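Scroll down for the structure; my scribbles are underneath it.
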């Protein structure tokens with residue numbers, strides 16, 4: 001307030017000059033006064049108080065109703081100043097959180113990164129796009145000692161940083177399993193106990209785990225309450241659902257997981273996905289399952305990676321480039 005008191009006489013002269021002459025120069029100097037006040041972190045209500053004191057000195061006989069209106073304005077600006085300070089504080093905190101989430105998202109990409117392996121006779125494509133910065137979906141490839149391909153695709157019931165931490169724990173748990181114990185039912189049983197012991201009871205994980213034996217082209221799989229996968233029979237030009245019974249991870253430590261198998265023939269595909277694919281929406285209309293499969297078939301002549309990318313672009317356009325949920329799609333195609 002001391003700085004303003006030093007400037008009070010100058011402000012009063014400027015205001016008096018402008019009231020008498022409407023001089024633009026006085027307005028310019030008032031603008032400089034405002035900039036100086038901002039640099040000194042002087043609040044709007046303090047400036048108004050200077051204005052009121054200047055008017056009282058210039059016009060001591062000022063009508064009472066004018067004085068009352070200025071008092072009303074001063075009280076209003078005091079409330080405004082407090083609210084503005086709170087808003088600025090919240091905004092700064094929001095920017096800090098946004099920065100922290102951005103760092104966490106980059107760390108998540110690094111921690112959960114998985115390499116897409118190359119196999120003779122097998123074409124593999126995968127895409128995972130988060131609806132927000134943090135991805136609640138996860139997929140992972142692992143090659144066992146026999147050369148078979150383990151494939152995990154999961155979705156955390158819950159989003160944000162907790163979901164990312166949960167996925168990191170699952171990923172490193174999977175990396176710690178012996179390579180000779182890759183049976184899908186065993187893998188899900190082990191992960192279920194990890195999640196049940198270490199994750200908050202309000203958070204669950206759905207997962208589909210498959211093991212593709214490159215020697216006999218048999219796909220063995222188990223599911224923990226995850227979206228069913230699909231098998232595309234190229235000769236019949238038909239899709240069939242592939243699923244297995246099992247509770248979502250983290251509900252009960254005693255849960256067991258059924259293991260099923262499917263022979264994969266030349267030119268056929270195995271499709272794994274999350275509910276961000278099957279629950280795409282166009283406006284208020286949910287996309288039907290048959291429509292999703294039809295789009296996959298439309299691009300099936302491309303490589304597996306090109307197929308998943310084109311399917312994603314199709315549904316991204318259909319939803320006006322706004323994803324309501326994380327989108328993850330994996331396709332395994334046995335080469336002819």
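Here, each number is a calculation from the coordinates, and none is a lab measurement. The shown structure was predicted, so the numbers you read here are calculated from the model rather than taken from an experiment. Here the Cβ is made from the backbone with ideal geometry for all residues, glycine too, and neighbour counts use every protein chain on show.
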Any idea what angle helix 184-198 forms with the longest principal axis of the chain, computed on alpha-carbon atoms, 0 to 90 degrees, nearest 10? 30 degrees
When 138, 18 are ranked with the fewest other C-beta atoms within 10 Å first, the list becomes 18, 138
Here the alpha-carbon Rg of the range 200-261 over 2.2 N^0.38 Å rounds to 1.32
Compute the long axis of helix 2-21 from its Cα atoms, compare it with the longest principal axis of the Cα atoms of the chain, and write down the angle in degrees, 0 to 90, nearest 10. 70 degrees
Residue 266-residue 75 pseudo-label distance in nm [points 7 Å out on the Cα-to-Cβ vector]: 8.9 nm
Defining a contact as two alpha carbons under 8 Å apart and six or more residues distant in sequence, what relative contact order in percent does the range 2-91 show? 32 percent
Where a label projected 7 Å from the Cα of residue 10 along Cα→Cβ would reach, residues of the range 35-73 with amide N under 13 Å: 35-40
With everything on Cα atoms, drop me the angle between helix 64-111 and the longest principal axis of the chain, reported from 0 to 90° to the nearest 10. 30 degrees
Relative contact order of the chain, please, whole-number percent, based on alpha carbon pairs below 8 angstrom and at least 6 residues apart. 16 percent
The range 140-289: antiparallel DSSP beta bridges as a percent of all, rounded to 5: 95 percent
Give the dimensionless ratio obtained when the Cα radius of gyration of the range 16-168 is divided by 2.2 N^0.38 Å. 2.09
Give, as ranges by residue number, the residues of the range 254-279 whose backbone N falls under 20 Å from the point 7 Å along Cα→Cβ of residue 215. 260-266
Along Cα→Cβ, 7 Å out, is where each label goes; now give me the distance between the ones at residue 201 and residue 22 in nm to one decimal. 7.5 nm
Using a simple spin-label model with points 7 Å from Cα along the Cα→Cβ vector, what separation in nm is obtained for residue 146 and residue 41? 6.9 nm
PRE zone check, label point 7 Å out along Cα-to-Cβ of residue 88, amide N under 11 Å, scope the range 33-50, hits 38-44
Within a 10 angstrom radius of the beta carbon, how do 222, 190, 79, 128 rank from fewest other beta carbons to most? 79, 190, 128, 222
Mean ellipticity per residue at 222 nm, deg cm²/dmol - from DSSP H runs of n ≥ 4 across the chain, formula -39500 (n - 2.57): -16000 deg cm²/dmol
